[in-house]
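The values are calculated or read from the model by the stated rules, or taken from the named source; none is laboratory data. All values reported here derive from a predicted model rather than from experimental measurement. Here the Cβ positions follow ideal geometry from the backbone for every residue, glycine too, while neighbour counts run over all protein chains shown.
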Amino acid sequence: MNQDVVNIAGQSETATGVRLVHRITRLLPDEGPLRVALMGGIGLSSIVVFWQLVCSVFGIPHYLVPSPIDVVEAIRRDWALLASNAVPTITEAFLGFLIGNFVAIAVAISFVYNKIIQEMYYPGAILIKTIPIVAIAPVLKIMLGNGIEPKVAVAALICFFPTLVNAVRGFTAVSPNLLELMHVLSASKTEVFRYVRLYGALPYVFSALKISVTMCVLGAIVGEWIGANKGIGYVLIQSMYDFDTPRLFATILTASGIAIAGFAIVSVLEKLVITWDPGETV
Amino acid sequence: MNRVVQPKPEYWAEAGSAASAIQLAGINVTFGSGNKKVEAIANIDLNVSQGEFVSLIGHSGCGKSTLLRVIADIIKPTRGSALIYGESPDMARRARTFSMVFQQSVLMPWSTVLENVRLPFKVGSRNLQSSSQAMDAVEALRLVELDGFATAKPAELSGGMRQRVAIARALVTKPRILLMDEPFGALDELVRDTLNVELLKIWRKAGTTIVFVTHSLHEAVFLSQRVVVMSRRPSHIEGIMEVDLPSERTLDLKDDPRIGAQVAQLRSMLDAG
């Protein structure tokens with residue numbers, strides 16, 4: 001009898017908990033970006049709280065795993081250092097992003113215009129892609145020196161392949177009906193490109209740009225690892241040698257912040273450029 | 001059988017000749033080679049007069065679209081000759097003698113309705129734009145009663161409206177020949193009936209020659225002056241039926257018993273093939 005009472009009490013306690021969560025989530029709008037953001041925020045906060053609890057309860061030393069509070073402390077302390085080192089990394093990543101994507105799209109266009117060039121060089125391009133970027137970085141350092149150039153080159157190289165592959169796919173993934181129409185209208189190759197292929201490829205190119213905008217930050221950091229005295233990659237290595245784990249975490253957050261900002265900018269651009277529904281055939 | 005008396009064409013069909021618009025002689029189309037060789041069309045002769053409305057019907061895969069594509073210079077015939085006003089299909093295509101409407105509207109989803117209709121002026125022979133031969137894009141939209149939708153994107157339109165835009169795009173160059181490949185095949189019956197009547201109105205007003213591929217016997221009879229029945233692969237012409245209907249064809253005529261009788265006649269011709 002007593003047992004039963006305890007059981008029932010326990011059940012009602014969990015029920016209250018469930019009801020509480022329900023009540024909180026019911027306060028949020030049913031759908032839309034606000035709900036996505038808030039629900040994501042709640043999920044993320046729960047992980048941060050759990051992380052803080054684990055660190056505090058088990059007394060994990062902060063040079064092994066810093067608690068969220070340690071990381072926030074490090075960000076406040078090293079704010080100026082992180083910001084000043086973010087500038088070269090952003091510069092390298094941005095230049096690499098521009099160069100890598102520009103070259104990739106130019107090569108993709110040459111493939112579309114000349115089938116023979118595509119047959120000869122596309123397989124080679126895919127082969128080069130299989131070489132790990134970290135393995136190419138030292139070569140680039142020898143060739144390009146200690147300045148900004150090897151970092152930009154790594155970032156550009158890492159952007160190049162996803163955009164090349166997607167742009168080639170985009171330029172060729174044109175509805176055959178539209179090509180037939182352009183043939184009946186006696187359109188030239190350039191006209192087909194300008195009025196059909198370019199627009200057809202844009203959704204593909206933008207998915208590639210969203211990948212490469214985060215990858216170019218990685219490329220710049222890898223470039224900095226090989227040899228640099230400034231930048232996010234340099235601070236990462238330096239923090240590791242100093243056993244300053246909270247600063248290491250703060251630097252990681254900075255790097256991720258740069259990538260998220262880039263992703264957001266490209267996403268906004270995509271919304272502005274692609275005003276039609278790419279999935280729809282009309 | 002009564003021939004439809006053409007009112008004086010308003011534009012673009014040159015008056016004064018009962019000339020052949022299209023002459024096909026001994027057309028043969030073979031796809032592939034070796035063991036995979038498929039003979040799609042075997043030895044087709046067909047003449048289409050200027051201003052005529054001719055439908056091609058047949059079982060699916062019988063090569064009626066292939067024949068239309070030979071006229072449109074999309075497919076080169078393996079043997080035989082195709083002449084469009086005495087010119088090769090290639091020359092006729094460059095001269096914009098014909099326009100084509102497909103089963104899908106094939107609009108550019110990123111452009112407005114007006115920009116889509118203007119496409120024929122932007123590509124190919126640009127000098128057409130200034131010539132008196134062409135009409136204004138807005139005028140073409142008015143012809144299909146879509147002038148209020150010039151700035152809309154194709155995605156905002158219904159399937160029937162999109163197909164009307166495609167027709168406006170085909171008419172804007174004032175072609176002497178309109179080639180239509182199952183243009184209303186993807187639309188529901190009510191929309192199809194409305195567009196049938198509108199197409200006849202445009203045809204009568206424009207005096208253009210129309211070659212119309214369809215798998216609907218009813219549609220073929222309702223629209224055409226002549227219906228060309230094609231046999232199964234390898235396709236040849238099984239027979240040609242002159243349609244016996246008044247020249248003024250309105251929606252009421254859709255349920256006329258004369259249409260039913262002629263549909264039955266077409267069906268027996270098809271079954272024979």
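Restricting the stretch A:159-183 to residues that are surrounded by fewer than 22 Cβ atoms within 10 Å (Cβ to Cβ) and among the β-branched types (V, I, T), the residue that is nearest to the other protein chains (Cβ to nearest Cβ) is A:V174.
Out of B:S99, B:S60, B:S65, one residue alone is within 14 Å of chain A (Cβ to nearest Cβ), in contact (Cβ under 8 Å) with a residue 40 or more places away in the chain, among the hydroxyl-bearing types (S, T, Y) and outside any strand (DSSP E or B). It is B:S65. For the stretch B:138-162, the set of residues classified as crowded, with 19+ Cβ neighbours inside 10 Å, without any contact (Cβ under 8 Å) to a residue 40 or more places away in the chain and either part of a loop (DSSP other than H, G, I, E, B) or more than 14 Å from chain A (Cβ to nearest Cβ) (or both) consists of B:A140, B:L141, B:L146, listed by residue number.
The condition of being more than 30 Å from B:R94 (Cβ to Cβ) and in the same structural domain as A:Q118 (by TED's automatic domain parsing) holds for only one of A:E180, A:E224, that being A:E224. Of the numbered criteria (1) within 14 Å of another protein chain (Cβ to nearest Cβ); (2) under 25 Å from B:V229 (Cβ atoms); (3) out of contact with any strand residue (DSSP E or B) (no Cβ under 6 Å at 6 or more places or on another chain), the one B:S105 fails is (2).
Condition check: among the hydrophobic types (A, V, I, L, M, F, W, C), under 19 Å from the mean Cα position of the chain (by Cα), surrounded by fewer than 21 Cβ atoms within 10 Å (Cβ to Cβ) and closer than 30 Å to A:L198 by Cβ. Does B:A95 satisfy that? For B:A95, the condition - among the hydrophobic types (A, V, I, L, M, F, W, C), under 19 Å from the mean Cα position of the chain (by Cα), surrounded by fewer than 21 Cβ atoms within 10 Å (Cβ to Cβ) and closer than 30 Å to A:L198 by Cβ - is met.
Hey, any hits in the stretch A:82-102 for a residue that's closer than 30 Å to A:V54 by Cα and surrounded by 17 or more Cβ atoms within 10 Å (Cβ to Cβ)? The answer is yes, given that some residue of the stretch A:82-102 is closer than 30 Å to A:V54 by Cα and surrounded by 17 or more Cβ atoms within 10 Å (Cβ to Cβ). Just one of the listed residues (A:V273, A:V266, A:V213, A:V235) is buried (at least 22 other Cβ atoms within 10 Å of the Cβ), closer than 30 Å to A:V168 by Cβ and either touching a residue at least 24 places away in the same chain (Cβ under 8 Å) or touching a strand residue (DSSP E or B) at 6+ places or on another chain (Cβ under 6 Å) (or both), namely A:V213. Within this structure, A:R169 fails the test of being among the charged types (D, E, K, R), within 30 Å of B:A168 (Cα to Cα) and assigned by TED's automatic domain parsing to the domain that holds A:V266.
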